[in-house]
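The structure under discussion appears below in the form of structure tokens.
The values are calculated or read from the model by the stated rules, or taken from the named source; none is laboratory data. Small disclaimer: the values here were computed from a predicted structure and weren't measured. Here the Cβ positions follow ideal geometry from the backbone for every residue, glycine too, while neighbour counts run over all protein chains shown. Note: accessible area is taken over every heavy atom of the protein model, side chains too, but ligands, DNA and RNA are not part of it. Shrake-Rupley method; radii C 1.70, N 1.55, O 1.52, S 1.80 Å.
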Amino acid sequence: MRAVRRVVVLATLGALLGFVPVATAATAPPGTDAGYRMVAADGGVFGFARGTFLGGANGVHDASTVAALSTPTGKGYWLVTDAGGVLAFGDANAFGSLVLGPLASPVVGIAGTPDAAGYWLATADGGVYTFGSAGFFGSAAGTHLAAPVVAIIATPSGNGYWLVSSDGGVLSYGDAGFNGSLGGRALAAPIVGAAATPSGHGYWLVGRDGGVFAFGDAGYFGSMGGTALRAPVVGVLALSTGKGYRLAAADGGVFCFGSAPFAGSAASIPLARPVVAVLS
């Protein structure tokens with residue numbers, strides 16, 4: 001693990017405003033597009049179709065689950081808490097966490113290496129921490145950010161990553177190319193998630209209101225922007241083909257676009273805590 005210098009961020013501000021800190025789910029592994037999973041803030045996991053349930057973190061910890069990521073096979077996943085805890089299920093291996101050290105800023109996202117032998121954790125102040133085979137390519141810690149980081153996305157090669165902020169700003173590191181951002185634009189709602197295209201030459205940013213913004217070779221297949229939602233959108237899951245994506249809402253609702261098939265939702269299930277992430 002490589003730790004980077006952090007600066008203090010008022011992490012409670014988002015909670016006071018009703019925002020749920022979330023992070024992106026990476027592009028779906030091949031063969032897993034028919035199914036998906038959703039994760040709640042209490043560590044509960046809900047599987048649909050081929051998104052098999054492999055275990056959850058309900059009652060395991062006091063911190064809130066904020067992010068989740070599937071392994072490349074789709075047969076395992078990691079759950080991450082805002083305190084930096086990492087729980088591994090199925091064929092996912094744990095390579096370390098941040099729970100032993102005090103954090104000046106909460107963890108908001110996880111991204112994995114292509115071989116599932118490592119992962120990155122990102123904090124709201126732009127800090128990046130590496131575990132296993134994940135390489136360090138830079139961070140935004142110690143710099144002045146216009147808005148907190150909400151997601152980290154790895155490139156398909158594993159030799160770079162993007163940090164995405166709630167104002168739509170995008171920071172590129174390693175072989176991650178900059179394909180545009182929403183920084184400086186007036187947004188109807190903050191950005192809450194992001195996903196990369198299979199080629200790594202584009203990405204989608206998703207707003208709390210369900211708005212979708214496509215950059216590079218990312219195709220636009222529709223959004224929930226301008227639609228009255230029962231609950232805010234919290235994450236996005238792109239298809240392995242890049243031909244569609246799913247949006248997940250805090251109440252467990254799922255919205256499918258492009259060629260993404262609908263396999264069910266948790267909208268009718270009484271949830272103890274809101275959904276915070278969607279993964280393959």
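Structure data summary
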read-out	value
Mean accessible surface per residue for the chain, computed with a 1.4 Å probe while every protein chain stays in place, in Å²	38
With every protein chain in place, the range 200-259: carbon and sulfur % of accessible area (1.4 Å)	54
Stokes-Einstein D (µm²/s) once Rh is taken as the Kirkwood radius of the chain over alpha-carbon pairs, at 20 °C in 1.002 mPa s	120
For the range 29-135, alpha-carbon Rg relative to the globular expectation (2.2 N^0.38 Å, N residues)	1.02
Kirkwood-type radius of the range 202-280, with distances r between different C-alpha atoms, in Å	12.6
Value of relative contact order over the range 99-238, rounded to a whole percent, pairs C-alpha under 8 Å and six or more apart	14
Value of Rg/Rh across the range 138-179 [Cα atoms, Kirkwood radius]	0.96
The range 43-188, accessible surface, carbon-and-sulfur percent (1.4 angstrom probe)	54
Length-normalised contact order of the range 30-141 in % [C-alpha pairs under 8 Å, at least 6 apart]	16
Mean Cβ neighbour count within 10 Å, used as a protection proxy, ranking 42-50, 178-186, 135-143, 103-111 highest first	103-111, 42-50, 135-143, 178-186
Relative contact order (percent, whole number), the chain, Cα cutoff 8 Å, 6+ residue spacing	20
